[in-house]
Structure formats: C-alpha cells, structure tokens
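Trainee: Take this structure first; my questions come after.
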Amino acid sequence: MRSALPKFFLTCLSMLFAFSLFATNSPAPADANFPDPTVTDDNPATKQLTELLKKNGGQSDSLMHEHFLFASMFWGAVAGGYLLYARKQWEVMPFIGGVAMMTVSFIVVSWFWMSLASIAIMVAVWWLCKQGF
C-alpha cells in the first residue's frame, strides 16, 4: 500500500501537468469580458452588484485573475494541510491556523494581501507552537 501511494501521486501529478499544457493553448481570447454584459444586463441583482463594485472602486473581474486564483488555490491547499496535520496529531494551534488561512483565502480578494496574511499566520502558528501553546 505504501508503494502504491507515491505511484498514484506521480501519475496524478503528470496528468495535471499534461492538462495544464493543453489548457494554456485554449482558443479563448485573452480580453474576454467576465461576466458577459449581454447575459448579466437582464439580472437586476448582478447589475446592482456591478454598479456597487464600480462605485467603490472594485473590479468585477478581479476574482478571475490568474494570480488571485493561483494564490487562493495554493493557500487553501496549505490550509488543508494544516487541518489534516491538526486532525492526525490532535493539535489545536495548527487547526486554528488552518481555519484562519482557509478564511483568508476565501475573504481577501487581493493575491498579495492574501499571501502576506497567510505567511503571517504560518509564522504565528510556528511561534505559538514553539512557545508551547
């Protein structure tokens, strides 16, 4: 069983790499407008949200930016690792850190501030574990 897990992991990793190569050559235009105004103009709630975002200086397509998506995926995966470690070791501090990082990856909409907050949480968890909490 132990030898099957690394083989499975390497197989999944190679398939993900192959998929990413094919996905980057997609024929979708780079300046695609998301969400499509022809679809969202009929929905008053979406129209109101778009106007509110424009009024407050937000961008409606910022959540689909590749830096944000990668940072959210990465820090969410690290948070999941913290949660799994806390569950296996019955530790409270990594659990709190994992929940905090998961929350940051859901709430913060800037990849830069999300990364800074997640790194700060990791340092805080490490420091608190060294202090004996």
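Trainee: Can you name the helices (runs of 4 or more DSSP H) wholly within the stretch 63-133 that have at least 2 residues being under 11 Å from the mean Cα position of the chain (by Cα) and in contact (Cβ under 8 Å) with a residue 40 or more places away in the chain?
Mentor: Passing ranges, in order: 66-89, 111-131.
Trainee: Would you pick out the residues in the stretch 42-72 that are among the polar types (S, T, N, Q) and at pLDDT 70 or above?
Mentor: Answer for the stretch 42-72, where residues must be among the polar types (S, T, N, Q) and at pLDDT 70 or above: 43, 46, 48, 50, 72.
The values are calculated or read from the model by the stated rules, or taken from the named source; none is laboratory data. Keep in mind it's a predicted model, so treat the numbers as computed, not measured. Quick reminder, even Gly has a Cβ in these numbers, built from the backbone with ideal geometry, and neighbours come from all protein chains shown.
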